[in-house]
Amino acid sequence: MDEATVVRVRSSGVGRSLNSKLPTHTSFLLFQSGPASIILTTLFVWPLLGHILDQRLLGELSLQLAISSIASPALCLGTNLYLANRLSAGPESDRRSEAKTALWVTGVLYGLSGMLAFSSLFLDAWLFLIPLALSCANAAYLVTSGVMRGIDEPVPYSIVTFVVQTFGLFSLGFLSSISHRLQIAVLAYVGVITIPVLWQYYLLRKKTLRTEIRAIVPVLRASATLVPHLVLAVALLMMMRILVSLKVNNEAVANYTFAALIIGGTLTVAASLDAHWSIRAQASPSLAALTGVLRRNQTRIQTILLFMSAGIVLFLFLGLRVWLPPGYDAKHVVLTVLLALPAAAMQALADGRSAVLMYFNKAGRVSIATMVGALTTLIMAYILLPIYSWPVAGLCVTAGMFSRMFAVNVFARQIFRTNTVGALGAAMLMVQILYAGVLLAFFFGVK
């Protein structure tokens, strides 16, 4: 393919901020409210819920949320990621179809969540109602957050993110502790989801005028190819917990859970950083422009991740024993996290190359690459966990991210061969890998 002739016609408003008076760095910080709220809930909300809920209710709530986090990307048919990219990049006609899709998908999911949550109050024996209601509500929220990213609305995005992820979670736990019935808490949670749903309607209502309902069919058909990618990206660390339980024991799962919280946090930061910049890269008018944007993005992301890795290492060696409950295996938690330390950098590189595939509307190949990474992780874990015990799970996560990065690179190079990483971004990635290697050598030397 001749790169010089590949030019996409964009409307002048595409990729521009509707809040253009906001400085770029302010917009960037507001779009990082996702990782910030996860840190907030991990450090404060979950420990608080542990004090106000008995273990049975807390365990039930945790299980329902785990099911919801896996099911919600499938229920919204991957529209949260697809619409974020296409609303940022597509021409005016596409943006109308995609805005219509967002409103219809969100409305259906929100309506279903309300009916299911209300029905669960009277049908206690129908155990599937609670997780399905939560999944539909979270799927509706995912679509709204993707839309707000796509149309570049950082203020609404940050507000609804903190409201849903922090206040919504606390309301779930608090109302469960008062009523001793999760059904009432779930119904109130659906009420919280009303805020992003109505806000999205306010932002999109003018874009969907005179747009026929049949226009959403091709959008849904294209977005559905992202479902395997989104589900596996969320479910991978949870599936690792299941394998640790089957191949080692439940005590190992308890220890691995704390390592997974740190690993998951690094992966979330990497994904959020890439989401912010790669979505904006979709508005590039040509491959040459796209390449330049992606190279700058990787340099920024890998630099931030390098400093973040240094902070994690300081926490592991100076603060971990304070954070961990008494009796947990701090030394092996450190080993697990160090083995997984390069995974975030590899994920960021894979996500950056995936932006090329999204640019050419090849979302299905993004899912295939994610499936390659997930299979690599699970096969390695199945073989190695009985031999080396649960800390090897960190190495399996890194190997899975490497295989996904390799698969995405193969698919991207089938479209065009230009390097989208850049020398400085690649150098930052190598530094992080060598950094983890030196720390592991030090760890085994001390041990």
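The values are calculated or read from the model by the stated rules, or taken from the named source; none is laboratory data. This one's a predicted model, so the numbers in the text were calculated from it and none came from an experiment. Methodologically, a virtual Cβ is constructed for each residue, glycine included, from the backbone with ideal geometry; neighbour enumeration extends over all protein chains shown. Just the protein is used for accessible areas: all its heavy atoms, side chains included, with ligands, DNA and RNA removed. Shrake-Rupley method; radii C 1.70, N 1.55, O 1.52, S 1.80 Å.
Within region 305-341, restricting attention to residues that are outside any helix (DSSP H, G or I) and of a type in the set (A, V, I, L, M, F, W, C), the residue that is modelled with the lowest pLDDT is Leu324.
Here's the yes/no breakdown for (1) modelled with pLDDT of 70 or more; (2) surrounded by 15 or more Cβ atoms within 10 Å (Cβ to Cβ); (3) of a type outside the set (A, V, I, L, M, F, W, C); (4) touching an Asp or Glu at 6+ places or on another chain (Cβ under 9 Å):
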residue	(1), (2), (3), (4)
Glu3	no, yes, yes, no
Arg8	no, yes, yes, no
Ser37	yes, yes, yes, no
Phe44	yes, no, no, no
Leu49	yes, yes, no, no
Ile52	yes, no, no, no
Leu61	yes, yes, no, no
Gln64	yes, yes, yes, no
Ile67	yes, yes, no, no
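Going through region 139-155 one residue at a time, which ones are over 23 Å from Leu75 (Cβ atoms) and part of a helix (DSSP H, G or I)? Residues satisfying the conditions are Pro154, Val155. Within region 219-265, restricting attention to residues that are of a type in the set (Ser, Thr, Tyr) and within 20 Å of Asp329 (Cβ to Cβ), the residue that is surrounded by the fewest Cβ atoms within 10 Å (Cβ to Cβ) is Thr257. The residue list Leu395, Leu429, Leu424 contains one member that is at pLDDT below 75 and under 22 Å from the mean Cα position of the chain (by Cα), which is Leu429. Against the numbered list (1) under 20 Å from the mean Cα position of the chain (by Cα); (2) crowded, with 24+ Cβ neighbours inside 10 Å, Ile368 comes up short only at (2).
Contact map, region 169-188: first residue without any contact (Cβ under 8 Å) to a residue 12 or more places away in the chain, second residue surrounded by 16 or more Cβ atoms within 10 Å (Cβ to Cβ), Cβ cut-off under 8 Å, separation 6 or more or different chains; pairs are Ser179/Ala185. Looking for something within 18 Å of the chain's Cα centre (by Cα) and open to solvent by 20 Å² or more (accessible area, probe 1.4 Å) - is there at least one such residue anywhere in region 127-147? Yes, the conditions are met somewhere in region 127-147. Report, by residue number, each residue of region 102-126 that is open to solvent by less than 60 Å² (accessible area, probe 1.4 Å) and at pLDDT 85 or above. Selection gives Ala102, Leu103, Val105, Thr106, Gly107, Leu109, Gly111, Ser113, Gly114, Leu116, Ala117, Ser119. Can you name every residue in region 371-389 that is in contact (Cβ under 8 Å) with a residue 40 or more places away in the chain and open to solvent by 20 Å² or more (accessible area, probe 1.4 Å)? Met371, Leu378, Tyr382, Pro386, Ser389, listed by residue number.
Within region 312-346, the set of residues being free of Cβ contacts under 8 Å to residues at least 60 places away in the same chain and either in contact with a Leu (Cβ under 6 Å, 6 or more places away or on another chain) or open to solvent by less than 40 Å² (accessible area, probe 1.4 Å) (or both) comprises Ile312, Leu316, Gly319, Leu320, Ala330. Counting the residues of region 190-216 that are of a type in the set (Val, Ile, Thr), surrounded by fewer than 18 Cβ atoms within 10 Å (Cβ to Cβ) and modelled with pLDDT of 80 or more gives 1.
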